[in-house]
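Trainee: Here's a structure for you.
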Amino acid sequence: MSDDKKAKGRELLDKLCGNPNGVDGLPHNLREYSLEHLFGTVWQGDDLELTERSLITCTILTALAREPEQQFHFAAAKRLGVPREKMVEMITHTAHYAGWPNAMGAMRSLNKVWPEDADES
């Protein structure tokens, strides 16, 4: 494993979830792939802004109805400064392509990590 990519992955995890060790509970190989490849390489590209990558990830997780992962990534989008209104609009838009049940699940996830009446911080 590249120590540089691993360090970049941990730095990004800290930005996303406030914990640079956020994948440490995973099995060794999955943790290493997540740190070096996913967070150390894929999320580090120059052609998309970090907030764009976050919103894309949230959209995919909405379309796939992956509620546990939505909670992690919706909270990360909030930490990165994506406005809640943009998240709601993304879910609404995705409902038309991926189905209403998927959108309803995504709204449940969003409301768990970012209640509608919560402040923007």
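The values are calculated or read from the model by the stated rules, or taken from the named source; none is laboratory data. The structure displayed is predicted, hence computed values, not measured ones. Glycine also receives a Cβ, built like all others from the backbone with ideal geometry; neighbour counts cover every protein chain displayed.
Trainee: Could you tell me whether any residue of region 63-81 is touching a helix residue (DSSP H, G or I) at 6+ places or on another chain (Cβ under 7 Å), under 29 Å from Ala118 (Cα atoms), modelled with pLDDT of 95 or more and of a type in the set (S, T, N, Q)?
Mentor: Within region 63-81, one or more residues are touching a helix residue (DSSP H, G or I) at 6+ places or on another chain (Cβ under 7 Å), under 29 Å from Ala118 (Cα atoms), modelled with pLDDT of 95 or more and of a type in the set (S, T, N, Q).
A quick yes/no check of all residues on (1) touching a strand residue (DSSP E or B) at 6+ places or on another chain (Cβ under 8 Å); (2) within 30 Å of Asp3 (Cβ to Cβ); (3) surrounded by 13 or more Cβ atoms within 10 Å (Cβ to Cβ); (4) of a type outside the set (Gly, Ala, Ser):
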residue: Val23; (1), (2), (3), (4): no, yes, yes, yes
residue: Arg31; (1), (2), (3), (4): no, yes, yes, yes
residue: Asp46; (1), (2), (3), (4): no, yes, no, yes
residue: Glu52; (1), (2), (3), (4): no, yes, no, yes
residue: Ile60; (1), (2), (3), (4): no, yes, yes, yes
residue: Met107; (1), (2), (3), (4): no, no, yes, yes
residue: Leu110; (1), (2), (3), (4): no, no, yes, yes
residue: Ala118; (1), (2), (3), (4): no, no, no, no
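Trainee: Which numbered condition trips up Leu38, out of (1) in a helix (DSSP H, G or I); (2) farther than 21 Å from Lys5 by Cβ?
Mentor: Just one mismatch for Leu38, condition (2).
Trainee: Among the listed residues Thr94, Thr57, identify the single one that is closer than 22 Å to Glu116 by Cα, β-branched (Val, Ile, Thr), in a helix (DSSP H, G or I) and in contact (Cβ under 8 Å) with a residue 24 or more places away in the chain.
Mentor: Working: Thr57 fails: in contact (Cβ under 8 Å) with a residue 24 or more places away in the chain.
Result of the check over Thr94, Thr57: Thr94.
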